[in-house]
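Here, each number is a calculation from the coordinates, and none is a lab measurement. The shown structure was predicted, so the numbers you read here are calculated from the model rather than taken from an experiment. Note that each Cβ is placed from the backbone with ideal geometry, even for glycine, and that neighbours are counted across all protein chains shown.
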């Protein structure tokens, strides 16, 4: 309840800032990257209590958002276009989906309708092992037990501090050996064959999301290299090419992780820091792109307005809270107490 009130209060502050400062409306000469995860066919599916809150949007919302951004004069671009260099004097949109849900195939009709590219960041071992994403499995089991949303958020934070194998072992110990088995097309990843077919679309660009959706700031240097390089190889084997872009799981990155990504042949990287990317983009800027999360249930046009604005208080606050320096400090603290 308190968190909901806090979010509502921040939206009111954002609205006031946008209304009082006309200069915040300037949205040109920038790249706006937007993050989606899971898609469903209609709003009815959004009411499924087993779905993780704010992780799923319906196709109608996705279509409305893309259409609104194009109406505002944005040009949708691929990672290859970002890497080649975006001309100043224009505004660009990079549409992204994280994780590798099979339901992302629902985006194809919208991409074809508007003739725009999107980038799909794939966690390779989930595809190869037909493994449910642990946060979905965890939420499903807690929802079945009637655990509150606040308790779920607290538990998720604790699990995120662990390595992927440790998280999966905990879930299987607590909920049984089938805990990570997908339940339907809504929560399962692609199969390798489906991903290969999906990647054939001219509107689809495949990106790296590590082998196991590992939060890289919690990994050793050797594990970072394995997670990134292993995903590159697995995706090359599945779709026929190695990606040039990476989405850092949970948005966590550091200078060393950026260097490891560059060494693996990656040239564009996305975070979850909610800010516009001013042009021109230097190489390091291309590796740490800001990205806004799309929120289901909020007006797509209103979200377009917020993402396009130059100054939004809640975005600045989130960027400060989740800065890479903080991520590095957390990692150092974990190693110190280990």
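The figures follow:
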read-out	value
Inter-label distance for residue 202 and residue 147, nm, one decimal - labels placed 7 Å from Cα along Cα-to-Cβ	4.7
Alpha-carbon centroids, the range 126-147 and the range 270-304: separation in whole Å	27
Per-residue Cβ neighbour rank within 10 angstrom, fewest leading, 101, 92	92, 101
In nm, spacing of pseudo-spin labels at residue 70 and residue 84 (7 Å Cα→C-beta vector)	2.0
Chain lengthening between residue 233 and residue 172 when straightened (0.36 nm per residue, less Cα-Cα)	19.1 nm
Alpha-carbon centroid distance for the pair the range 67-123 / the range 170-215, whole angstrom	21
Within the range 233-258: backbone nitrogen closer than 16 Å to the residue 194 label point (7 Å, Cα to C-beta)	239
FRET efficiency, residue 262 to residue 50 (Cβ-Cβ, R0 22 Å, nearest 0.05)	0.05
